[in-house]
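**Student:** To start, I am sharing the structure in question, which I have written as C-alpha cells.
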Amino acid sequence: MAEVISGKELSLKKRDFMKNQVEMLENKYGRKPHLAVILVGDDPGSVSYVTGKEKACNEIGITNTTIKKPNDITQEELLEIIEELNNNKSVDGILVQLPLPKHINQTFIINSIRPDKDVDGFHPVNVASLYLKQPGIIPCTPKGIMEVLDSVNISIEGKRAVVIGRSNIVGLPVSKLMLDRNATITIAHSRTKDLASVTKEADILIAAVGKPLFVKRDMVKEGAVVIDVGVNRNPETGKLCGDVDFNDVLDKVSYITKVPGGIGPMTITCLMENTIECFIKHVEN
Ligand code: GUN
C-alpha cells in the first residue's frame with residue numbers, strides 16, 4: 001500500500017515556520033511583506049484560489065490586498081493598476097490570477113509585472129533565469145512538487161521521471177527542476193503515442209493534464225512515486241479530484257499525493273515563500 005504524502009501537513013509546518021520568520025523580519029526591517037493579488041471576473045475556481053491565498057497570507061502575517069475588477073475591464077486599465085503596483089514601494093509581490101478574459105492579452109500582462117515582484121515566476125526574465133540556472137523566482141507549483149518529494153526523501157538523481165503536460169505553469173518548469181536534480185526526463189502530452197507505455201517507465205510520475213481520473217492502474221509502474229497536480233471536478237460525483245485515479249493506483253505505487261490536500265496547498269505555501277523572498281530582496285537593496 002502506498003504512503004500518502006500530505007501536502008496539507010507539510011504546508012502547515014512550513015507556514016508555522018514562515019509565521020515566525022515574518023515576525024522576525026518585521027522586527028528587523030520595520031514592515032511586513034505585502035502581496036497584491038488582482039482578480040478579474042468571478043470564475044469560481046479563481047475566486048477559490050484567491051480566497052486560499054488571502055487565508056494563507058493572514059495565517060502567516062503577510063499583509064495583502066486583493067484588487068477585484070469586473071470581466072469587462074480593459075487591458076489599458078489593468079496595465080495601469082500593475083504600473084501603480086510596480087511603483088509602490090510597499091508592495092513586494094504582484095499576482096494576476098489566470099486565466100484572464102479573452103479580450104486581454106495574457107502575455108502582455110505577465111510581461112508588464114516587474115520581474116522582482118513576479119511572485120508567480122512567469123515573467124520571461126524569471127523563466128530565463130530558471131533555464132539558465134541563475135537566481136530568480138521559481139513558479140509555485142513546480143517548487144511545491146520538489147518540496148513534497150524532498151519531504152519524504154525521494155531520491156531523484158538517475159531516476160526516470162515522466163511529466164504528463166507541457167504547460168508554462170507546471171509541466172515545463174517542473175521538468176527543468178527535475179532535470180537539474182539529475183533525473184532523466186520525458187515530457188508526455190496530448191499527442192504522445194501509446195502514453196501508457198511511456199508513463200509505465202516512470203519511477204516518478206507527475207500528472208498535470210487537467211483531466212479527471214485520467215491516470216489509471218495500467219499506466220503506472222509498480223512502486224512508482226505519483227505526484228498528482230490536477231484539480232478537477234469528478235464528472236459523476238461533482239467532488240474535487242485529481243488527474244490520477246487515486247483508488248485505482250493506490251496499492252500499486254509506493255508514494256502518492258492526494259487531491260485535495262496534496263500539491264494545491266503546497267502551491268499556495270510556495271507563493272508565500274516567494275513573497276517573502278521578494279520582500280527580503282527589496283528591504284536589503
Ligand atoms: N491560475 C491557475 N494557477 C495559477 C497560478 O499558479 N498563478 C496564477 N497567477 N494564476 C493561476
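Taken together, the values in this text are just the output of simple stated rules run on the coordinates, not laboratory data. As the structure is a prediction and not an experimental result, all values here were calculated from the model. Glycine gets a Cβ as well: all are built from the backbone with ideal geometry, and neighbour counts include every protein chain shown.
**Student:** Have a look at ALA128, ALA161, ALA56 and tell me which one the Gaussian network model of the chain (Cα, springs below 10 Å) gives the largest fluctuation.
**Tutor:** The residue that fluctuates most here is ALA128.
**Student:** Given R₀ = 41 Å, FRET efficiency for GLU157-LEU98 by Cβ-Cβ distance, to 0.05?
**Tutor:** The formula returns an efficiency of 0.80 here.
**Student:** Quick one: 3J(HN,Hα) in Hz for the stretch 192-200, Karplus 6.51/-1.76/1.60 with θ = phi - 60°, rounded, Gly and Pro as x.
**Tutor:** Rounded to whole hertz, the list is 5, 7, 6, 3, 4, 5, 6, 5, 5.
**Student:** I would also like to ask the following. Quick one: length gained pulling ASP16 to LYS200 fully straight, 0.36 nm per residue minus the C-alpha distance?
**Tutor:** Gain on extension, ASP16 to LYS200, equals 62.5 nm.
**Student:** What FRET efficiency, computed as 1/(1 + (r/R0)^6) with R0 = 45 Å and r the Cβ-Cβ distance, is obtained for ASP180 and ARG31, rounded to the nearest 0.05?
**Tutor:** 0.85
**Student:** Highest mean first, what order results for 4-11, 222-229 on Cβ atoms within 10 Å?
**Tutor:** For the peptides 4-11, 222-229, the packing ranking is 222-229, 4-11.
**Student:** In whole Hz, with x marking every Gly and Pro, tabulate ³J(HN,Hα) for the stretch 90-95 from phi via Karplus 6.51 cos²θ - 1.76 cosθ + 1.60, θ = phi - 60°.
**Tutor:** 8, 9, 9, x, 10, 10
**Student:** Considering amide H positions built from the backbone, and no H for Pro or chain starts, which residues 5 or more places from ARG160, or on another chain, come under 5 Å of its amide H?
**Tutor:** THR184, ASP203, ILE204
**Student:** Go through 238-251, 182-195 and give me the packing order, highest mean Cβ count within 10 Å leading.
**Tutor:** The most tightly packed comes first, giving 238-251, 182-195.
**Student:** Rounded if a/c is under 1.5, else prolate if a/b beats b/c, else oblate: with a ≥ b ≥ c from the C-alpha gyration tensor eigenvalues square-rooted, which is the stretch 226-279?
**Tutor:** oblate
**Student:** Of PRO99, LEU132, LEU79, whose Cα points farthest to the positive end of the dipole of the stretch 54-144 (charges on the beta-carbon: +1 Lys, Arg; -1 Asp, Glu; origin at the Cα centre)?
**Tutor:** The listed residue farthest towards the positive side: LEU132.
**Student:** Here is a further query. Helix-derived [θ] at 222 nm for the chain: sum -39500 (n - 2.57) over DSSP H runs of at least 4, divide by residue count, nearest 500?
**Tutor:** Rounded to the nearest 500, it is -13000 deg cm²/dmol.
**Student:** Would you look at the GNM of the chain, springs on alpha carbons closer than 10 Å, and say which of PRO139, PRO99, PRO173 moves the most?
**Tutor:** Residue with maximal mean-square fluctuation among PRO139, PRO99, PRO173: PRO99.
**Student:** Name the residue, out of THR141, THR74, THR257, whose mean-square fluctuation peaks in a Gaussian network model built on the chain with Cα pairs under 10 Å.
**Tutor:** Answer for the Gaussian network model of the chain: THR74.
**Student:** Next question. Would you mind counting up the charge near TYR131? Only other residues with Cβ under 14 Å from its Cβ, with Lys and Arg at +1 and Asp and Glu at -1.
**Tutor:** Charge balance near TYR131 sits at +1.
**Student:** Here is a further query. Determine the alpha carbon to alpha carbon distance for each of LYS117/LYS143; LYS53/LYS117; LYS176/LYS239 and list only those over 26 Å.
**Tutor:** Beyond 26 Å between Cα atoms: LYS176/LYS239.
**Student:** What ranking do 259-265, 164-170 get when scored by the average of other Cβ atoms within 10 Å per residue, highest first?
**Tutor:** 259-265, 164-170
**Student:** Using 19 Å as the cut-off for backbone N distance, which residues of the stretch 130-163 belong to the label zone defined by a point 7 Å from the Cα of LYS69 along Cα→Cβ?
**Tutor:** Answer for this model: none.
**Student:** Could you list which residues have their amide H under 5 Å from that of THR63, counting only those 5 or more apart in sequence or on another chain, with H placed in the peptide plane?
**Tutor:** LEU35
**Student:** How large is ³J(HN,Hα) for each residue in the stretch 105-110, as worked out from phi by the Karplus curve 6.51 cos²θ - 1.76 cosθ + 1.60 (θ = phi - 60°), to whole Hz, x for Gly and Pro?
**Tutor:** So the J values, rounded to whole Hz, are 7, 4, 4, 4, 5, 4.
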